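Before anything else, here's the structure in question.
What follows draws every value from the coordinates through simple rules; no lab data is involved. As the structure is a prediction and not an experimental result, all values here were calculated from the model. Cβ coordinates were reconstructed from backbone atoms using ideal geometry, including for glycine residues, and neighbour counts include every protein chain displayed.
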Amino acid sequence: MNTHAFRAALLAATTFAFAAPAAAQAQSDDDNLIIVTAQRNNESGVEQRGSVGVLGDKDAADVPFNIRSYNAALILNQQPQTLGQVLENDPTIRTTTGFGIAGELFVIRGFALSGDDIGYDGLYGITPRQLVAPELYDAVQVLNGSSAFLNGAAPGGSGIGGSVNLIPKRATDADINRVTLGYTGPEHVGGSFDIGRRMGAGGEWGIRINGTARSGDVAINDEFRSTYVLGAAIDYNSGPLRASIDLAYQRVKVSHFRPKLRVNSLTVIPQAPDAGSNFGQPWQFTTLRDIFGQARIEYDIAQDVMVYAAFGARDGAEEGIYSTPTLVDAASGAITVSSSFIPRTDNNEAATAGLRAKFNTGGITHEINAGGSINWLVNRNAFEFYALSAGQNNLYAPVTVTPSTTVTFAAGNLDNPLPASTARLSSLFVSDTIGLWEDRILLTAGVRLQEIQSKTFDVTTGVQTGGYRESAATPVVGVVFKPADGVSLYANRIEALAPGAAAPVSGTDVNGNVVPVTNAGEVLPPFVSEQYEIGGKLALGGIDLSLALFQIDRETAILRPDPDQAGALEFGPFGIQRNRGVEFTLAGELAEGLRLIAGGSIIDAKLRRTLNGVDEGNQAVGVPEYLLNANLEWDVPFVPALTLTGRVVHTGEQAANIGNTLFLDDWTRFDIGARYVAVVGGQPLTLRVNLDNVADADYWASAFDSFRPDLQLGAPRTFKASVTYDF
């Protein structure tokens, strides 16, 4: 047994031995109640409700969209260290990283959702943009599908296939006093605390403070991660007035991280190296610091009429030395290494305000939503890119190379970056949800008028180099039909919106000749993606099921022959990527003490119209043909207080280049775990162990994020253990 395995086994044995004396004692009825409550905390960990943007918090059965929430109990029990590890439970999402960085990127319905476009209680631009520590949040809410009407245009231009919204922790009716100690092999240790109280004569005041500190090497060889977060919330809830303030601090550092692998024009996919190997460089690092929060207020001006407003802000700073490893020989594993140094700061604000009114007219109910939103974003940036390092790394026998100091491209003040871009996204929205037949039929129609304004600057001189101001209307139509209790059928037509692009000066025609572009310099209106979806939801006992069929057509900007001028091209939103698919999810209690989160999706992602027709009809890069997940928990009836867990994640074949000459094989990962609840001093002490990727399988997990084959290696076998005491 190696040192790391010995440490993990010793910690697990010590932890369970600590609880044994308490478990061995005769248990009272109160003790048994504490154990059962702790075991079954929040059922499966998935709630069939969530925030639906301007429509507010809704049950899934009442909206014409596919929504669900992963709650704080699931986050605590599974010991995730990033948002992506929470979303591993979702059978419709896969997580990868951006190229050359440690930041996470999410793939929903075959389209990217970047960290810039993760919502914070419905506000864009406030969440830390690359890595998110999940300990600060009470729920991770997922909405599958486009959402330009519901949430507004995403500032980063992603979120076409779905959105994720984070709900900060706030005080609950029950007092919270919780401490947790955690360990991730081989050397990552830390702890967290969580305290919540309601105060005042009627409990109208609430306060919640929680924080986490963890640091050390993780399962990838010599990859170091540290995370420090602190969150605080104060809320007031009395009579018609509700108000809250949420503040948070997050600092994350990742050193010697393992980046994606670029393989450029190779004709074969290289064999995946050992899952724990690290072909990154020791001098690579990224440091991310964010201070962010929001203030929110709601007031009931009548029984069914509410006005609300929210304002949020984030001050973010990033700095890192990043590496671009490029494989040049699949057989030998030779890798060239280039590098860059990029400091960045972000100063973002977001605000929304609106009115929600419910009323009845002749047996027909209405819910009116009207209001507006605005985002201000400032990005300051500088960079230095360096020549290839003198030596070569190796995929199968990694070595350290000396980074080059020869600057090939640089701009901006590295110590004090100037603005690279500013943006303002503003909108006005209105909708009406009409209820018929005692609200068994719910018809929703609405429109959001949106304006996107952006400016770009020379980061060396500060001079403005470009500008953009365009607007668009994004409508929504949806219907819900509930023919029987527990049954909900729905359909929707909704859009996504992304900033347009500027036309180039010239391009290459079908014969390979360079020809002029007639609308050179023109900035296109925002790109629109259209979604059509039908589906159904079924609540059967303690089980919730959903089924959705969807089609999303995404506009892309390409060149085509100008019909009015021979020998020239025009630039416009003439390209189309069409993603069609089926999604199925299941969550709930199959039998007493047996809980399941499962499902799958099938996606046909095709390039429908492309530049000069090249690669038309091919599969989109990095979109798996199908996904399957199953996460099972079993409260062992013959061993009181013990819960066993298991998870399987399966991902189908995916195209690794736009020409569809390279494909990644399908892959499967198995995770197992256990929880044990002991009663100490009349309070629950919960012990957890998890082992992810039990077989230590070696596989390329993703090729998403580029038209080149950029490969993400799957995570190695990872041991986690924690102990939580609620007092």
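So what are the ³J(HN,Hα) numbers for the stretch 657-672, from phi and the Karplus equation (6.51, -1.76, 1.60; θ = phi - 60°), rounded to whole Hz, Gly and Pro as x?
8, 5, x, 6, 9, 10, 9, 8, 5, 5, 9, 9, 10, 10, 10, 9
Through the Karplus equation 6.51 cos²θ - 1.76 cosθ + 1.60, θ set to phi - 60°, convert the phi angles of the stretch 359-375 into ³J(HN,Hα) values in whole Hz; use x for Gly and Pro.
Result, ordered by residue: 7, 10, 10, x, x, 10, 8, 9, 10, 9, 10, 8, x, x, 8, 8, 10 Hz.
Excluding residues on the same chain fewer than 8 positions from Lys260, give the lysines whose Cα lies under 25 Å from its Cα.
Lys606, Lys720
So if the hydrodynamic radius of the stretch 523-612 is defined as the Kirkwood radius over C-alpha pairs, what does Stokes-Einstein give as its diffusion coefficient at 20 °C and 1.002 mPa s, in µm² per second?
131
Please name whichever of Asn347, Tyr308, Val107 sits farthest to the positive end of the charge dipole of the chain, dipole taken about the Cα centre and charges placed at Cβ: Lys and Arg +1, Asp and Glu -1.
The residue sitting farthest along the positive end of the dipole is Asn347.
Any idea which of Asn618, Gly541, Ser601 is furthest toward the positive side of the dipole for the stretch 519-625, if Lys and Arg beta-carbons carry +1 and Asp and Glu beta-carbons -1?
Gly541
Now a separate question. Mind scanning Lys58/Lys482; Lys253/Lys455; Lys169/Lys358 and naming the pairs with a C-alpha gap bigger than 21 Å?
Values: Lys58/Lys482 15 Å; Lys253/Lys455 31 Å; Lys169/Lys358 28 Å.
Flagged as over cut-off: Lys253/Lys455; Lys169/Lys358.
Let me ask another. Suppose a student asked you for the relative contact order of the stretch 3-726, using Cα pairs under 8 Å spaced at least 6 residues apart; what percent would you report?
Details: 2157 pairs, mean separation 86.1, N = 724.
Over the stretch 3-726, the number comes to 12 percent.
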